[in-house]
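Trainee: Please see the structure below; I have some questions.
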Amino acid sequence: MSSIALAGNPNCGKTTLFNAFTNAKQHVGNWPGVTVEKKEGVVSFQGNKYVLVDLPGTYSLGAYSEDEIVARDYIIKENPSVVINVVDASNIERNLYLTIQMIEMGANVVIALNMIDEAKQKNIEIDIKALSEALGVPVIPTVASKAEGLSELIKTAVSVYDKPNTINVLNYGNELNQLISNVQSLLSPYNPKLEYPIEWIAVKLIENDAYISKAIQDQVDPQILQQIQELIDAYTEEVGFEPEISLVDRRYTHITDLLQNCMQKPELTMDTTS
Ligand code: GDP
Ligand code: MG
Ligand code: K
């Protein structure tokens, strides 16, 4: 069934939003096979009802915790119609690390730029329109704890409800782009059989994601898996370190670059040149 999912870092205001939208009427259970709590509720808007799912709070979408695996598997396998990504505006650089990964996975993201009040207190100025353009997704400012911006948020989520999900791999620079594309080509004959999009599998294999290696090992010819590993090993040999380091580095560079035009904040580092 299609749904609206809430995703974000821990402590960004997800539960506050979830409670406000569902009037605290919710079903709490566990995600299948894991002890991670699953919360579902119903949000009503203009006479229609939408299932709202609170995903576990995570900083990334790797395979380092059950929370991360639950969140990313839900986004990729259950295909929620919309993912409302709650972003702490007072901590935006760190929060966007998750955002760009969800956009990359093809999630239909709407950003709730929450804690705008705290950002203001810290004299952080965010150009909402520029941020929205840079990320290519709607951005709605909210103060969840004061129920501010919530109707605009749900209205926007509902307005993009039918937009199809499309994978949108980040530009990782020539060498990594080439490696991703080569891995993807090797996987392409298996595309119909695989549960995840091959572009995304390629990125995850290069990131040394053991969970994804395991998930595909019964579907893909061992010789092909061997060839993929050889490509990754050759890249590692050439640059002298694991490609996952380059991937993470490119993601942060991407965030820093895009924030250049969208955010102003007081300089915290000491000026030692004068
Ligand atoms: P979660 O971990 O993402 O579910 O975050 P919570 O909803 O539990 O919120 C964490 C804390 O932030 C709680 O104390 C909330 O009351 C508070 N909070 C949520 N939204 C806002 C906001 O927009 N502004 C401020 N100042 N506090 C907020
Ligand atoms: Mg919570
Ligand atoms: K949480």
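The values are calculated or read from the model by the stated rules, or taken from the named source; none is laboratory data. Note that the structure is a prediction, hence the values are computed from the model and not measured. Glycine gets a Cβ as well: all are built from the backbone with ideal geometry, and neighbour counts include every protein chain shown. Surface accessibility is based on the protein's heavy atoms, side chains included, excluding ligands, DNA and RNA. Shrake-Rupley method; radii C 1.70, N 1.55, O 1.52, S 1.80 Å.
Trainee: Using a cut-off of 14 Å between beta-carbons, work out the net charge of the residues near I224 (Lys and Arg +1, Asp and Glu -1, I224 not included).
Mentor: With Lys, Arg at +1 and Asp, Glu at -1, the neighbours total -2.
Trainee: Same structure again: Can you list the HN-Hα couplings for the range 133-142, worked out from phi with the Karplus curve (6.51, -1.76, 1.60; θ = phi - 60°), rounded to whole Hz and with x for Gly and Pro?
Mentor: Calculated HN-Hα couplings, in order: 5, 5, 8, x, 9, x, 10, 10, x, 9 Hz.
Trainee: If contacts are Cα pairs under 8 angstrom and at least 6 residues apart, what is the relative contact order of the range 190-274 in percent?
Mentor: Relative contact order of the range 190-274: 24 percent.
Trainee: Okay, moving on. On a full-extension model of 0.36 nm per residue, what is the gain between N191 and K129, subtracting their alpha-carbon distance, rounded to one decimal in nm?
Mentor: Stretched out fully, the N191 to K129 stretch lengthens by 18.6 nm.
Trainee: Further question: What distance in nm separates the simple spin-label points at E230 and N30, each placed 7 Å from Cα in the Cβ direction?
Mentor: Here the answer is 4.4 nm between the modelled labels.
Trainee: Averaging over all projection directions, find the projected area of the Cα convex hull of the range 51-209 and quote it in nm² with one decimal place.
Mentor: Projected over every direction and averaged, the Cα hull of the range 51-209 covers 10.4 nm².
Trainee: For the range 79-229, what relative contact order do you get, as a whole percent, if you take Cα pairs closer than 8 Å and at least 6 residues apart?
Mentor: With pairs under 8 Å counted, the relative contact order is 20 percent.
Trainee: Which lysines, on any chain, are close to K49 with Cα under 30 Å apart, when same-chain ones fewer than 8 places away are left out?
Mentor: Leaving aside lysines fewer than 8 places away in the same chain, those within reach of K49 are K14, K25, K38, K39, K77, K129, K146, K155, K163.
Trainee: Would you mind giving the three semi-axes, in whole Å and largest first, of the ellipsoid equivalent to the range 47-118 according to its Cα gyration tensor?
Mentor: Working through the eigenvalues yields semi-axes of 19, 17, 11 Å.
Trainee: Can I ask one more? Considering only protein heavy atoms and a probe of 1.4 Å, how much of the accessible area of the chain is carbon and sulfur, as a whole percent?
Mentor: Exposed carbon and sulfur together represent 47 percent of the surface.
Trainee: Indicate the gyration tensor shape class of the chain (rounded, prolate or oblate), computed on the Cα atoms with a ≥ b ≥ c the square roots of the eigenvalues: a/c under 1.5 is rounded; otherwise a/b larger than b/c is prolate and the rest oblate.
Mentor: Cα axes put the chain in the oblate bin.
Trainee: Tell me, what ³J(HN,Hα) does each residue in the range 169-182 have, in order and in whole Hz, if you take phi through Karplus 6.51 cos²θ - 1.76 cosθ + 1.60 with θ = phi - 60° and put x for Gly and Pro?
Mentor: 4, 4, 7, 9, x, 3, 5, 5, 4, 5, 4, 4, 5, 5
Trainee: Let me ask something else about it. Within the range 125-142, list the residues whose amide N lies under 18 Å from a label point set 7 Å along Cα→Cβ of E93.
Mentor: Label zone hits: 125-127, 131.
Trainee: Under a 1.4 Å probe, what is the accessible area of the range 89-244 per residue, stated in Å²?
Mentor: Per residue, the range 89-244 has an accessible area of 50 Å².
Trainee: What are the ³J(HN,Hα) values, in whole Hz, obtained from phi via the Karplus relation 6.51 cos²θ - 1.76 cosθ + 1.60 with θ = phi - 60°, for each residue of the range 186-196 in sequence order, with x given for Gly and Pro?
Mentor: Result, ordered by residue: 5, 8, 4, x, 9, 2, x, 8, 8, 7, 10 Hz.
Trainee: Still on this model: Which of the three applies to the range 77-148, rounded, prolate or oblate, going by the alpha-carbon gyration tensor with a ≥ b ≥ c and a/c under 1.5 meaning rounded?
Mentor: Verdict is prolate for the range 77-148.
Trainee: Quick check: net charge around N9, other residues with Cβ under 13 Å of its Cβ, Lys/Arg +1 and Asp/Glu -1? Write out the running numbers ahead of the final one.
Mentor: Numbers: positive: K14, R94; negative: D67, E68, D88, E93.
Here the charged neighbours net out to -2.
Trainee: Would you mind counting up the charge near D209? Only other residues with Cβ under 13 Å from its Cβ, with Lys and Arg at +1 and Asp and Glu at -1.
Mentor: -2
Trainee: Only helical DSSP H runs with n ≥ 4 go in: add -39500 (n - 2.57) per run for the chain, normalise by residue count and round the 222 nm mean residue ellipticity to 500 deg cm²/dmol.
Mentor: -13000 deg cm²/dmol
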